[in-house]
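We did not get these values from a lab; they are worked out from the coordinates using the rules stated. In this text, all values refer to a predicted model and were calculated from it rather than measured experimentally. We place every Cβ from the backbone using ideal geometry, glycine too, and count neighbours over all the protein chains shown.
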Amino acid sequence: MSLSSSPSSSIPELSSSSYKLCSFTLGFAKSQCFGQRNTLQLGTYRPGSQNQSFPSLEHVKTFAFSNYKLSSMELGLNPVTQMGKFRVRNDKTSLLSTDLSRTSNFGYKPASVKLGYEANKRSRDFVFMSKSVLTVDNMVEIEGHGGAGREKSYYDAIVIGSGIGGLVAATQLAVKGARVLVLEKYVIPGGSSGYYQREGYTFDVGSSVMFGFSDKGNLNLITKALAAVGCEMEVIPDPTTVHFHLPNDLSVRVHREYSEFIAELTSKFPHEKEGIVTFYGECWKIFNALNSLDLKSLEEPIYLFGQFFQKPIECLTLAYFLPQNAGDIARKYIKDPQLLSFIDAECFIVSTVNALQTPMINASMVLCDRHFGGINYPVGGVGEIAKSLAKGLVDQGSEIFYKANVTSIILEHGKAVGVRLSDGREFFAKTIISNATRWDTFGGSQLGKLLKGEKLPKEEENFQKAYVKAPSFLSIHMGVKAEVLPPDTDCHHFMLEDGWTRLEEPFGSIFLSIPTVLDSSLAPEGHHIFHIFTTSSIEDWEGLSRKDYDAKKERVADEIISRLEKKLFPGLKESIVFKEIGTPKTHRRYLARDKGTYGPKPRKTPKGLLGMPFNTTAINGLYCVGDSCFPGQGVIAVAFSGVMCSHRVAADIGLEKKSPILDTALLRLLGWFRTLA
Ligand SMILES: NC(=O)c1ccc[n+]([C@@H]2O[C@H](COP(=O)([O-])OP(=O)(O)OC[C@H]3O[C@@H](n4cnc5c(N)ncnc54)[C@H](O)[C@@H]3O)[C@@H](O)[C@H]2O)c1
Ligand SMILES: CC(C)=CCC/C(C)=C/C=C/C(C)=C/C=C/C(C)=C/C=C/C=C(C)/C=C/C=C(C)/C=C/C=C(\C)CCC=C(C)C
């Protein structure tokens, strides 16, 4: 695919040749960092270079494969983080042996793969135990070289939680040379980007739509985060980001090719052709500006001023759009109410609010990345990303403990210095990074406050005034017989059949992902996965007896499935062979998120992203990362939050340049900006 990403061009030029990434899907193991599910064998960690900067040819891993074609695999490579060389070998350092010889609808047919692995990062030898295979059934409690008896170790940073935000912050710090400890309450990494397995199915816990996961540009933050710790993953390109099924029988496919998407949308709204091209063109202006920057912490003045100096036009473009929302900009160019509702739906699927409440920068990021780098699905499921990051972290000499429930943050003279676990263990570090939501970190509700006895800082009070918890989800994970899928069914669907007013109502719109359309290895032969979700608030599920709760789950799920059956998949109910229903209470329990919230949503119309807090907090030594930080919800968004957080923390612990005077001035200025939102 050739897309012009020139920062100055407002619309990319698109070639008709589409899926360059297709060639990635032939004959690879899932992740070149982490092992194949259930098949990881013992391997030896070899001593070597002490270089702790970003991986280079000298100190990244060497992989061995057999029976595959490698040439076009570029994911995870970028000018800064070259992945080293690949060579065929077959010796006892091999970690994987797997046969993935099944074919998906999208032509994915991996060959039999043998992956060898040899790393040279730290001076110590250690052996990967077979327990590093992370499945829910075969869980890990501690990864790395530490464990019991090391509780008083003094780390550079402790990260509470291993969502993608926490893992990116941790891995980025580790490659800068920091010694990091990640403490995860659950038994596997990933949080809402985790997975679970049942009866031969591998289900993604949350969304299967991965932005920022391509081999292009600067905004492929997930690819870059993996590459930084020497991992690259096999991906399957998704030809359609989402297929919308909307009121008045409006059906729109968001094709990977931008020109095809624009052609389809203008064919439905020919009278709005100019408005469509101009609105999406504004999005490209922002995307191209973002894509031209070297993304780091906006709270670090040396970097920020440096970017303004090097890319003044791009930075001013971003500063101009920072306080604006997508709906206002759409209304400048588009008048048709149905088309404006379509833009609402475009924004809703990534922000859970309409376009008038969605920051223009966030909308632009997703509305363009899906055509620029495209949406790519990781072979083996979304859970592979977190597993690879966790493995990469350990490879850097840092640690991750599972079943480690942090119940409080320890303060000394007002500074965060450590954490206490529910089993009484305490760990100490120079800095503490919380990947729990800001509500779970600071309180504001009765649940899970990590800063016990502390008064809510003014900044957090302001955050809670500006943002409320978005509702959670009802999710239905199903295994269905393959025959129920009409030919050429897309992977992701968004359905709102009755009327636009139901868009934001609980159970109003339905999200459906069928990841087995892309990767058939996730389900038993002849079957597909249906992952259905719809917004739902925890209040709807509280105060019920167990019997009533179970009955309500079945009833509500049955209604949702009936709607899908009626509109899209005749015979769906008959085809179900496995079904598991999760409510907001399930999300609260497994993701440790207050009310099971999907993330923050603005209480009223926001000033774009202006009011979103960054990573520093009012507590010295305490940082937040994840979706209650700038720029908000979404896997790529929290990955950016992780990148920003690691840069700010690295500067504060002396691993990056810093200027205390400029720091004070910038942090004050940013705090003042937030009060304007
Ligand atoms: N539902 C979806 O469609 C979906 C799917 C995947 C990802 N996402 C995105 O991921 C974003 C969230 O990512 P994130 O990185 O902010 O966080 P996250 O919620 O995914 O992960 C946080 C992790 O911290 C752990 N944790 C919380 N409190 C803890 C404690 N006290 N002690 C130890 N561990 C604790 C949790 O168990 C969890 O693993 C969401 O905004 C969402 O957009 C959404
Ligand atoms: C500092 C100041 C004040 C100023 C200055 C200026 C500047 C320089 C600025 C800058 C800025 C920046 C860099 C920014 C950045 C941003 C970003 C990166 C953003 C991002 C975002 C992202 C997002 C939001 C994403 C999201 C996503 C999501 C949520 C997704 C989801 C999905 C789903 C749910 C799926 C669906 C499904 C179906 C349909 C089935």
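Quick notes
- Verdict on residue 186 being among the aromatic types (Phe, Trp, Tyr), away from ligand 2 (no atom under 16 Å from the Cβ) and not in a strand (DSSP E or B): yes
- Complete set of residues in the range 629-677 that are out of contact with any Lys or Arg (no Cβ under 9 Å at 6 or more places or on another chain), closer than 30 Å to residue 377 by Cα and part of a helix (DSSP H, G or I): 635, 636, 637, 638, 640, 641, 642, 645
- The conditions of being surrounded by fewer than 20 Cβ atoms within 10 Å (Cβ to Cβ) and among the basic types (Lys, Arg) are met by residue 604.
- Selection count, the range 209-228, where residues are assigned to a loop (DSSP other than H, G, I, E, B), surrounded by 24 or more Cβ atoms within 10 Å (Cβ to Cβ) and small (Gly, Ala, Ser): 2
The rows are residues; the columns are (1) buried (at least 24 other Cβ atoms within 10 Å of the Cβ); (2) charged (D, E, K, R); (3) under 26 Å from residue 236 (Cβ atoms); (4) away from ligand 1 (no atom under 16 Å from the Cβ).
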position	(1), (2), (3), (4)
273	no, yes, no, yes
300	yes, yes, no, yes
304	no, no, no, yes
308	no, no, no, yes
329	no, no, no, yes
369	yes, yes, yes, no
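- Apart from one condition, residue 251 fits all of (1) surrounded by 21 or more Cβ atoms within 10 Å (Cβ to Cβ); (2) within 15 Å of ligand 2 (Cβ to nearest atom); the exception is (1).
- Residue, farthest from ligand 2 (Cβ to nearest atom), within the range 588-601, restricted to residues that are surrounded by 23 or more Cβ atoms within 10 Å (Cβ to Cβ) and among the hydroxyl-bearing types (Ser, Thr, Tyr): 597
- For the residues 551, 618, the requirement of being more than 16 Å from ligand 2 (Cβ to nearest atom), outside any helix (DSSP H, G or I) and out of contact with any strand residue (DSSP E or B) (no Cβ under 7 Å at 6 or more places or on another chain) singles out 618.
- With respect to the conditions (1) over 28 Å from residue 617 (Cβ atoms); (2) within 9 Å of ligand 2 (Cβ to nearest atom); (3) surrounded by 17 or more Cβ atoms within 10 Å (Cβ to Cβ), residue 321 falls short on a single one, namely (1).
- Residue identified as more than 26 Å from residue 613 (Cβ to Cβ), acidic (Asp, Glu) and part of a helix (DSSP H, G or I) among 314, 272: 272
- The listed residue being farther than 21 Å from residue 622 by Cβ and either more than 13 Å from ligand 1 (Cβ to nearest atom) or part of a loop (DSSP other than H, G, I, E, B) (or both), out of 479, 453, 418: 479
- Test: residue in the range 435-456 that is farther than 30 Å from residue 416 by Cα and among the hydroxyl-bearing types (Ser, Thr, Tyr): no
- Single match in 562, 545, 575 (criterion: crowded, with 18+ Cβ neighbours inside 10 Å and more than 26 Å from the chain's Cα centre (by Cα)): 575
- Of all residues in the range 580-600 being touching a Lys or Arg at 6+ places or on another chain (Cβ under 7 Å) and in a helix (DSSP H, G or I), the one that is nearest to residue 523 (Cα to Cα): 587
- Hits in the range 641-677 - residues which are free of Cβ contacts under 8 Å to residues at least 60 places away in the same chain and at negative phi: 660, 661, 664, 668, 669, 672
Residues checked against (1) of a type outside the set (Asp, Glu); (2) part of a strand (DSSP E or B); (3) at positive phi:
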{"site": "533", "(1), (2), (3)": "yes, yes, no"}
{"site": "556", "(1), (2), (3)": "yes, no, no"}
{"site": "562", "(1), (2), (3)": "yes, no, no"}
{"site": "578", "(1), (2), (3)": "yes, yes, no"}
{"site": "607", "(1), (2), (3)": "yes, no, no"}
{"site": "626", "(1), (2), (3)": "yes, no, yes"}
